[in-house]
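Let me begin by presenting the structure, written as structure tokens, before commenting on it.
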Amino acid sequence: MAHNFVNLSRMTSAARRLEWLDLFRGLAVLGMVWTHAANTFLDSRLQETSWYREMSYYHGLIAPAFFWIAGFVRAHVTAGKTKPAWPAMKRLLMVLLIGYLMHVPWQTLFDAKSWRAACTVNVLHCLAISGMLMLLAERFGRWRDVIAAVLLVFFVGLQTSAESWRTGVLFIDQYFNRNQGSFFALFPWVGFGLAGFLTRRLWNGGTNGRAVLVWVLGALLAFVQPNSPWPGGAPEFFLERLGWVMMAAVLVAGVGNRISQVTGWLRLAGRESLLLYVVHLMLIHAVPMPRQPLQHLIGMTQPVWSVVLIFAALFPATLAFGWLNERRKAR
């Protein structure tokens, strides 16, 4: 994301840009805003029902999609050549900084206990670290995919072990697991980004035989995993979701050009996904309307139809900021 949190490097030319990746990312943004709206405003009793728990499984595919796209994009723009690491590192450090700023206790700056929240790790932290690991792998030249594969096995394979890791330094421990309040952890989440990076070796993003190969591989991961020797285990969580994301990527790549005329707004959301991520969370959790944010003004009290209406208002309002930002950059 140039100016968004999954495009870790700009495309070098219009010819190299894969428009379907913007569409895929835009669909993920759409799902992200819906998920946060549902989790925040849907009646708490409805959130305990079986149908909502089933829906939550699909909500859980949004973040893996963002990570996978980040990896695929980075591998795509560096395919066949070495690019300087510092420009990408600066953008990743900016993403990491934004992640921390989102948890600063602005209303209780002088409360030492509140500052513990500033160490909370969210999706932006993990995306930034994932990108940094890709930059590290790139430094190994022709061995970069081998290094990426080793890192993937490390972060996925040690997820269970990392649940008990402690250094005593909260700033560091938050990255290991979610036991201390983090929303995300490096284990196994950066694995999705590394998987996207490696997928680019198999498939160049076009509509071709390699796309079929990636789809079949994704289907094997998604549908065979429930019958695996580790049902419900950490590897299954990662592999099953990775399979769904890979199948979705091939599907979007196959239909993206055919529906390009009616999906410009989604591709805009994809290009400006970092901005939309921050803005929609601010509208929900931070901006007073009229005297308190929507999170507290409305709360978990609404029926499904009302949440749909809130989402239908929230997404266009958020998208407007992305449109204004693109106009600003064009000027």
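Filter region 167-202 for residues that are free of Cβ contacts under 8 Å to residues at least 24 places away in the same chain and of a type in the set (F, W, Y) and give the result.
Matches in region 167-202: F176 only.
Out of the residues in region 49-65 meeting the condition of being under 20 Å from the mean Cα position of the chain (by Cα) and small (G, A, S), tell me which one is surrounded by the most Cβ atoms within 10 Å (Cβ to Cβ).
A65
Within 15 Å of A65 (Cβ to Cβ) and either modelled with pLDDT of 95 or more or of a type in the set (S, T, Y) (or both): which single residue out of A253, A185, A219 fits that description?
A253
Please state which of the following conditions F176 fails to meet, knowing it meets all the rest: (1) at pLDDT 95 or above; (2) part of a helix (DSSP H, G or I).
Condition not satisfied by F176: (2).
Out of everything in region 42-85 that is in a loop (DSSP other than H, G, I, E, B) and basic (K, R), what residue ends up being nearest to W305 (Cα to Cα)?
Within region 42-85, the match that is nearest to W305 (Cα to Cα) is R45.
The values are calculated or read from the model by the stated rules, or taken from the named source; none is laboratory data. Being a predicted model, the structure only gives us computed values, none of them experimental. FYI the Cβ positions are ideal-geometry reconstructions off the backbone, even for glycines, and counts take in every protein chain you see.
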